[in-house]
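The values are calculated or read from the model by the stated rules, or taken from the named source; none is laboratory data. Only a predicted model underlies this, so the values are computations on that prediction, with no experimental measurement involved. Positions of Cβ are backbone-derived with ideal geometry, glycine not excepted, and every protein chain shown enters the neighbour counts. SASA here: full protein model, heavy atoms, side chains in, ligands and nucleic acids out. Shrake-Rupley method; radii C 1.70, N 1.55, O 1.52, S 1.80 Å.
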Amino acid sequence: MEKVDHAFVDEIVKAGADRIRTCIQCGTCSSVCPSGRRTAFRTRELIRKALLGLKEEVLSSPNLWLCATCHTCLERCPRQIKVTDAIIIMRNMAAEKGFMLPEHRRASMKLLETGHAVPINTANREKRVSLGLDEVPPTVHSHKDALDDLKTIMERTGFKDLIEKQEAEK
Amino acid sequence: MTEAQTYSFFLGCVMPNRFPNIEKSIRVVLPKIGIELEELEGASCCPAPGVIRSFSEPTWLAIASRNLALAEKAGHDIITGCNGCYGTFKEALLEVREHPDRLKEVQKVFKGLGLKYKAKAEAKHLIEVIYDIGIEELTKKVTRPLTGLKVGVHYGCHLLKPSKNRPWKQTERHTFLDELVELTGAESVPYKDKFMCCGAGGGVRGSNAPVSNDIAVEKLDNMMDVGVDCVLNVCSFCHLQFEVAQAQVNKELGEKKYQIPVIYYTQLLGLAMGLELEELGLHQHMIKTQPMLDKIPE
């Protein structure tokens with residue numbers, strides 16, 4: 001049987017989902033969830049497992065990544081639990097433990113390298129020119145010093161280490 | 001009309017790097033209705049509220065704050081045309097304003113980079129700024145009414161929610177975007193689950209295309225049931241979702257079942273203002289816009 005971690009819910013509360021313990025398992029969150037309509041993802045179950053302290057099970061589940069962050073559950077929760085925030089908090093913990101999905105790791109690598117999670121490519125350079133726009137947008141794409149600053153920020157917050165650690169472990 | 005307002009134009013990732021045609025329509029239309037845009041040089045990814053924020057919230061907060069600091073330095077509020085970027089800035093501002101220790105944490109990360117940040121600049125969605133101009137004023141700009149055009153309005157999620165941190169007077173059943181669509185002479189057609197998500201956010205688009213496409217298709221089916229001529233959005237990521245999902249699903253089906261043109265609000269308004277297709281980037285869509293354009297009276 002899986003180890004129960006009673007501190008798990010405390011960590012979630014501390015990170016900002018302060019009303020999570022007031023959950024009455026009414027299921028409103030699951031019933032309004034657009035991902036839950038078509039997958040086995042059940043928000044209510046996720047919250048219940050978190051409250052039970054089933055940390056490993058929650059953090060290792062691919063279902064944790066099916067939330068589209070539409071915030072409908074958060075709006076409708078009769079106990080005003082910040083459900084979406086709770087999911088994001090648990091995702092942060094999952095990433096820390098190395099449970100990031102490969103596609104998310106790749107998008108993060110792009111951000112680390114270019115400052116854009118979706119960087120410019122040849123086809124869109126051409127499209128921009130044909131529209132009379134600058135070939136490269138006036139973002140970090142056009143300013144190396146700005147990109148350097150951004151890279152420093154991502155090193156300082158630990159993002160570079162986090163993503164490179166996942167790269168190494170894959 | 002009141003005097004021109006100037007904003008720092010935040011581009012984000014998807015708009016300039018995948019759908020520059022939307023960027024073009026914004027750059028052409030906004031100055032014509034009294035909204036001046038100044039470049040936000042050196043801005044980056046917002047970063048995405050459901051993606052990067054899901055991996056490292058402190059990184060998300062620091063990068064969002066850097067973008068806001070650039071606007072603060074320019075002395076303007078930020079204006080964005082993406083619901084995701086809007087959500088990021090609204091949430092990041094709230095976080096540092098409610099928790100001064102988080103602001104200090106960000107300032108510490110900025111040390112030595114010449115970035116001053118006091119969370120003074122506001123973040124606005126361009127549709128919020130357009131709506132503030134007023135329906136009556138905007139209607140005066142219409143020279144080519146889009147009479148007969150049936151529009152499926154898609155608000156998206158982060159424009160509206162969490163409602164506690166959004167400027168709209170209602171929390172549900174919003175009408176502001178429908179009003180903005182109908183001032184062009186087009187009709188906003190009601191459809192089932194209109195306020196449902198497009199399915200792109202939270203990293204679902206990137207990691208689970210079948211689920212993401214399935215959510216988009218549910219909305220598209222609901223719109224097709226009421227015979228819309230186009231789906232209207234105000235978010236570069238929702239825009240990507242409806243364009244890409246239709247193309248991908250058609251490929252899987254082996255038939256072109258989904259052919260609903262995906263139109264950004266400034267493109268629709270621009271059409272009603274008599275602007276040319278090329279100025280609005282309407283010739284650069286994945287799903288061809290011609291069937292919809294053919295319905296517009298000359």
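Would you say A:CYS33 is under 21 Å from A:ALA68 (Cα atoms), touching a Gly at 6+ places or on another chain (Cβ under 9 Å) and touching a residue at least 40 places away in the same chain (Cβ under 8 Å)?
no
Please work out which one of (1) more than 11 Å from chain A (Cβ to nearest Cβ); (2) open to solvent by 10 Å² or more (accessible area, probe 1.4 Å) is the condition B:GLY81 fails and give its number.
Of the numbered conditions (1) more than 11 Å from chain A (Cβ to nearest Cβ); (2) open to solvent by 10 Å² or more (accessible area, probe 1.4 Å), the odd one out for B:GLY81 is (2).
Output yes when any residue across region B:230-241 is in a helix (DSSP H, G or I), surrounded by fewer than 19 Cβ atoms within 10 Å (Cβ to Cβ) and in contact (Cβ under 8 Å) with a residue 24 or more places away in the chain, and no when none is.
Within region B:230-241, none of the residues are in a helix (DSSP H, G or I), surrounded by fewer than 19 Cβ atoms within 10 Å (Cβ to Cβ) and in contact (Cβ under 8 Å) with a residue 24 or more places away in the chain.
Any idea which residue in region B:30-58 is nearest to B:ALA71 (Cα to Cα), counting only those that are surrounded by fewer than 24 Cβ atoms within 10 Å (Cβ to Cβ), touching an Asp or Glu at 6+ places or on another chain (Cβ under 8 Å) and at the interface with chain A (Cβ under 7 Å from one of its Cβ atoms)?
B:GLY42
Here is a list of conditions, (1) open to solvent by less than 30 Å² (accessible area, probe 1.4 Å); (2) not in a loop (DSSP other than H, G, I, E, B), and B:GLU218 meets all of them except one; can you say which number that is?
Exception for B:GLU218: condition (1).
Do you know which residues across region B:20-29 are open to solvent by less than 10 Å² (accessible area, probe 1.4 Å), farther than 22 Å from B:LEU68 by Cβ and of a type in the set (A, V, I, L, M, F, W, C)?
B:ILE22, B:VAL29
Out of (1) part of a helix (DSSP H, G or I); (2) more than 7 Å from every other protein chain (Cβ to nearest Cβ); (3) open to solvent by 20 Å² or more (accessible area, probe 1.4 Å), what's the single condition that is false for A:ASN92?
(2)
Going by the conditions given, is B:LEU282 at pLDDT 95 or above, within 17 Å of B:MET15 (Cα to Cα) and either open to solvent by 10 Å² or more (accessible area, probe 1.4 Å) or touching a Ser or Thr at 6+ places or on another chain (Cβ under 6 Å) (or both)?
Spelling it out, B:LEU282 is indeed at pLDDT 95 or above, within 17 Å of B:MET15 (Cα to Cα) and either open to solvent by 10 Å² or more (accessible area, probe 1.4 Å) or touching a Ser or Thr at 6+ places or on another chain (Cβ under 6 Å) (or both).
I want to confirm something. Restricting to region A:77-89 and keeping residues that are of a type outside the set (Val, Ile, Thr) and within 18 Å of B:THR59 (Cα to Cα), which single residue is nearest to the other protein chains (Cβ to nearest Cβ)?
Residue satisfying both the conditions and the ranking: A:ASP85.
What number of residues within region A:1-28 are over 15 Å from A:ARG48 (Cβ atoms), part of a helix (DSSP H, G or I) and of a type outside the set (Asp, Glu)?
Total satisfying the criteria: 3.
Between A:ALA107, A:ALA117, A:ALA86, which is in the same structural domain as A:SER61 (by TED's automatic domain parsing), buried (at least 21 other Cβ atoms within 10 Å of the Cβ) and among the small types (Gly, Ala, Ser)?
The match here is A:ALA86.
Does region B:128-147 contain at least one residue that is over 30 Å from B:LYS295 (Cβ atoms) and open to solvent by less than 70 Å² (accessible area, probe 1.4 Å)?
Scanning region B:128-147, I find no residue that is over 30 Å from B:LYS295 (Cβ atoms) and open to solvent by less than 70 Å² (accessible area, probe 1.4 Å), so the answer is no.
Could you check how many residues of region A:29-72 are open to solvent by 20 Å² or more (accessible area, probe 1.4 Å), in a loop (DSSP other than H, G, I, E, B) and not hydrophobic (A, V, I, L, M, F, W, C)?
Within region A:29-72, residues that are open to solvent by 20 Å² or more (accessible area, probe 1.4 Å), in a loop (DSSP other than H, G, I, E, B) and not hydrophobic (A, V, I, L, M, F, W, C) number 5.
Of the residues that make up region B:3-11, is at least one at the interface with chain A (Cβ under 8 Å from one of its Cβ atoms), within 22 Å of B:GLN284 (Cα to Cα) and assigned to a helix (DSSP H, G or I)?
No; the residues of region B:3-11 include none that is at the interface with chain A (Cβ under 8 Å from one of its Cβ atoms), within 22 Å of B:GLN284 (Cα to Cα) and assigned to a helix (DSSP H, G or I).
From the list B:GLY254, B:GLY274, which one is within 26 Å of B:PRO31 (Cβ to Cβ) and surrounded by fewer than 15 Cβ atoms within 10 Å (Cβ to Cβ)?
B:GLY274
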